[in-house]
Amino acid sequence: MRRHGHPWTGWSFSAGWGSREKLAVTLVDPELVVEVGVDVARDASGHWHHPARWHRPRPDLSPVDVPRLTPQR
């Protein structure tokens, strides 16, 4: 289901800690819900210290059932 524009349109993402290299990003509409685990430790700019870890798919949920994550600038 397409919503009114992607929430991350215009954002850029770095290739890694301390890197000035930017990643090429293709924004998509979600079709599958999965559980992930994240360490809540963040730096002063709000970036997570550790990568998210995959747990399991959630076929019982639709993407519209999940609150939208708004990235912090």
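Bear in mind that the values in this text are calculations on the coordinates, not laboratory data. If you're wondering where the values come from, they're calculated on a predicted model, not measured in any experiment. Here Cβ is always computed from backbone atoms with ideal geometry, including for glycine, and neighbour counts include all displayed protein chains.
The charge dipole of the chain, taken about the Cα centre with unit charges on the Cβ atoms of Lys, Arg (+1) and Asp, Glu (-1), comes to about 200 debye, rounded to the nearest 20. With the highest mean first, a sort of the peptides 14-26, 46-58 on other beta-carbon atoms found within 10 angstrom per residue produces 46-58, 14-26. Projecting the Cα atoms of Val64, Ala41, Ala24 onto the charge dipole of the chain (Cβ charges, centred on the Cα centre) puts Ala24 farthest toward the positive pole. Here the spin labels are modelled as points 7 Å beyond Cα on the Cα-Cβ line, and at Leu23 and His50 they lie 1.9 nm apart.
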